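Please read the structure below before turning to the comments.
The values are calculated or read from the model by the stated rules, or taken from the named source; none is laboratory data. This is a predicted model, so every value here is computed, not measured. As a convention, Cβ positions derive from the backbone with ideal geometry for all residues, glycine included, and neighbour counts pool all protein chains shown.
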Amino acid sequence: MNRYILGCLYVLLALFPLNCVTAQDNVIDRVEWVVGDKAILRSDIEETIRYWMSTGRKFEGDPYCVVGEDLAVQQLFLHQAAIDSIEVDETRIMRQVDAQMDYVIQEIGSKEKLEEYFDKNSAEIREMYREQLYNMEMMEMMKSKLVGDIKVSPSLVRRFYESLPKDSLPFIQEQVEVQIIVLEPEISEEETERVKSELRDYTERILNGETSFSTMALMYSEDPLSARRGGELDFKGRGEFAPEFAAVAFNLTDPEKVSKIVETEYGFHIIQLVEKRGDRVKVRHILRKPTYSSDNVKKMLLRLDSISTDIKDEKFTFDEAVSVISQDKDTRNNYGIMYNRNTASSHFSFEELPVDVARVVDGLKVGELSQPFTWVRENGKTVCAIAKLKSRTDAHLATINDDYEALSMMYKTQLSNERIQEWIRSKQKSTYVRINSDNRSCEFKYPGWEFYEEKR
């Protein structure tokens, strides 16, 4: 895959010379599509092609035709999302931007090569990535709203399964269920006090007028996404913050003040109000994370090793150990069984498991315990854990009894796609859409677009 992406970058450089892409330099830039009051230029299409190629996307058919139609359909969704006041989590978008930028820079070789590829500086490239990801996220949220009321019953799922040709039954990948015991390395009182002392110092300097909250966030916050924006988080509802964070953020009233120190699962914060708008709030924050000592990590791994030995010696069961010992709030009350949000079940393919967990589970037999290991969680925290392989299901053709959840999701996906297709066709008819007649040779996914003759 990596070689493919890198090859695409070089091929695309040959296909689209840099001096022919940007609108200001391209004398032949023209309107290719009009969707409502939005014009889609040839340069927009070329830039999007470059973006998609940089992420490794393959095109079936002429990229100009495929991407032009993609942008037109996207615009239908964006227009509706604006009407419905759909909002996107900017923090998550910026996290995705950072990941994509880092990955592509690594693949192409350097930041300078990436700038040459797009004929933009890094700030402009970052903004381009942000806009692309923002629009895609907005589009997906709009789709979710359109299909949010779709529900399927067991009888309908069974009917769906029976309607499938026997030679077209879905292939179910190998699935596993995993139980886990998690311990967090202890943080010393000295380390906790060090972090709190730093935050108190920041607060004092801000309130004394020595510096601004934004400047301190930019310099010292360990939340890299918000730090770049002076610690600012976009408008969020109470449920979008950690509970401890929300309790303080929503009680702030004076934008000139700084909150008390707040502890969450991410670390320690100080918060400043920017603006309140109904039941949503915009704040700045500075995050500092206490660090675990290597000695404390080793202590937790040794403790887990001892727990593992006691389980094997049948002094207590794995399930009993979970309820008494595990510090993982997501699994502690469910016998340590990990939950797959993608499938709304306890079954995972190996690709769906966290990498650190998949690595240790891969070689286990059913009922066997892993060696103690470290696991870097999504929140950036390092924890120590032991895992138990609860079940393993070999790859197979789907059956209604063994794979009801997968079939249910498959049927629901089919119904959702049908509804979305119907919605697009409806918008096609009710929205002013025109395509440059030079695109008549395109084989579009959605027939029925109207062409216009460009005035020469």
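Considering only residues of the range 414-456 that are charged (D, E, K, R) and at pLDDT below 85, which is nearest to Gly68 (Cα to Cα)?
The extreme case among them is Glu450.
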* Asked: In the range 308-331, what residues are crowded, with 17+ Cβ neighbours inside 10 Å and without any contact (Cβ under 8 Å) to a residue 40 or more places away in the chain?
  -> none
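Being more than 30 Å from Ser370 (Cα to Cα), out of contact with any Ser or Thr (no Cβ under 8 Å at 6 or more places or on another chain) and either in the same structural domain as Ser85 (by TED's automatic domain parsing) or surrounded by 14 or more Cβ atoms within 10 Å (Cβ to Cβ) (or both) is the requirement here; does Glu265 meet it? First the steps, then the outcome.
Values: more than 30 Å from Ser370 (Cα to Cα): no; out of contact with any Ser or Thr (no Cβ under 8 Å at 6 or more places or on another chain): yes; either in the same structural domain as Ser85 (by TED's automatic domain parsing) or surrounded by 14 or more Cβ atoms within 10 Å (Cβ to Cβ) (or both): yes.
Considered against the rule, which asks whether it is more than 30 Å from Ser370 (Cα to Cα), out of contact with any Ser or Thr (no Cβ under 8 Å at 6 or more places or on another chain) and either in the same structural domain as Ser85 (by TED's automatic domain parsing) or surrounded by 14 or more Cβ atoms within 10 Å (Cβ to Cβ) (or both), Glu265 comes out as no.
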* Asked: Within the bounds of the range 250-266, is there any residue that is hydroxyl-bearing (Ser, Thr, Tyr), farther than 30 Å from Lys388 by Cα and over 25 Å from the mean Cα position of the chain (by Cα)?
  -> yes
* **Sole exception among (1) modelled with pLDDT under 90; (2) buried (at least 16 other Cβ atoms within 10 Å of the Cβ); (3) out of contact with any helix residue (DSSP H, G or I) (no Cβ under 7 Å at 6 or more places or on another chain) for Asp234, by number** => (3)
* Structure fact -> Residue set Ser226, Ser214; condition in contact with a helix residue (DSSP H, G or I) (Cβ under 7 Å, 6 or more places away or on another chain) and among the polar types (S, T, N, Q); output residue Ser226
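Test Asp234 against the criterion of being more than 30 Å from Pro372 (Cα to Cα) and without any contact (Cβ under 8 Å) to a residue 24 or more places away in the chain, and give yes or no.
So Asp234 does not fit the description; no.
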* Test: residue in the range 251-258 that is out of contact with any Leu (no Cβ under 8 Å at 6 or more places or on another chain) and surrounded by 14 or more Cβ atoms within 10 Å (Cβ to Cβ) -> no
* Asked: Any idea which residue in the range 278-292 is surrounded by the most Cβ atoms within 10 Å (Cβ to Cβ), counting only those that are assigned to a strand (DSSP E or B) and in contact (Cβ under 8 Å) with a residue 60 or more places away in the chain?
  -> Ile286
* Structure fact -> Checked Val67, Val88, Val97 against criteria (outside any helix (DSSP H, G or I) and either free of Cβ contacts under 8 Å to residues at least 60 places away in the same chain or crowded, with 20+ Cβ neighbours inside 10 Å (or both)); the one match is Val88
* Taking the range 233-271, which residues are farther than 28 Å from Ile187 by Cα, assigned to a strand (DSSP E or B) and acidic (Asp, Glu)? -> Asp234
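Given the structure, is Gly209 among the small types (Gly, Ala, Ser) and more than 24 Å from the chain's Cα centre (by Cα)? It would help to see each step written out before you state the result.
On the way: among the small types (Gly, Ala, Ser): yes; more than 24 Å from the chain's Cα centre (by Cα): yes.
Yes, satisfied.
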* So, in the range 51-63, of the ones that are crowded, with 16+ Cβ neighbours inside 10 Å and touching a helix residue (DSSP H, G or I) at 6+ places or on another chain (Cβ under 6 Å), which residue ends up modelled with the highest pLDDT? -> Pro63
* To do: List every residue pair whose Cβ atoms lie under 9 Å apart, where the two residues are 6 or more positions apart in sequence or sit on different chains, the first residue falls within the range 172-186 and is closer than 10 Å to Ser326 by Cβ, and the second residue, located anywhere, is of a type in the set (D, E, K, R) and in a strand (DSSP E or B).
  => Gln179/Lys388; Gln179/Lys390; Ile180/Lys388; Ile181/Lys388
* To do: Please specify each residue of the range 332-355 satisfying the condition of being loosely packed, with under 14 Cβ neighbours inside 10 Å and closer than 20 Å to Leu301 by Cα.
  => Val355
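At pLDDT 95 or above and not in a strand (DSSP E or B): is that true of Asp305 in this structure? Even if it seems obvious, please write down each step before you answer.
On the way: at pLDDT 95 or above: yes; not in a strand (DSSP E or B): yes.
The answer is yes for Asp305.
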* To do: Provide a single number: the residues in the range 106-136 that are assigned to a helix (DSSP H, G or I) and modelled with pLDDT under 85.
  => 3
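Only one of Glu275, Glu210 is more than 28 Å from Ile86 (Cα to Cα), among the acidic types (Asp, Glu) and either assigned to a loop (DSSP other than H, G, I, E, B) or touching a strand residue (DSSP E or B) at 6+ places or on another chain (Cβ under 6 Å) (or both). Can you tell me which? Full working, then the answer.
Details: Glu275 fails: more than 28 Å from Ile86 (Cα to Cα).
Exactly one residue qualifies, and that residue is Glu210.
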* Asked: Looking at the range 356-411, which of its residues are part of a loop (DSSP other than H, G, I, E, B), surrounded by 15 or more Cβ atoms within 10 Å (Cβ to Cβ) and among the hydroxyl-bearing types (Ser, Thr, Tyr)?
  -> Ser370
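Out of Val157, Val176, I need the residue that is buried (at least 16 other Cβ atoms within 10 Å of the Cβ) and farther than 27 Å from Val383 by Cβ. Which one?
Testing whether each residue is buried (at least 16 other Cβ atoms within 10 Å of the Cβ) and farther than 27 Å from Val383 by Cβ leaves just Val157.
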* Inside the range 423-442, can you point out the residues that are within 35 Å of the chain's Cα centre (by Cα) and not in a helix (DSSP H, G or I)? -> Thr431, Tyr432, Val433, Arg434, Ile435, Cys442
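Kindly check whether there is at least one residue in the range 80-89 that is touching a Cys at 6+ places or on another chain (Cβ under 8 Å) and more than 24 Å from Val31 (Cα to Cα).
Residues of the range 80-89 touching a Cys at 6+ places or on another chain (Cβ under 8 Å): none.
Within the range 80-89, not a single residue is touching a Cys at 6+ places or on another chain (Cβ under 8 Å) and more than 24 Å from Val31 (Cα to Cα).
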* Taking only the range 136-191 into account, find how many residues are more than 31 Å from the chain's Cα centre (by Cα) and aliphatic (A, V, I, L, M). => 2
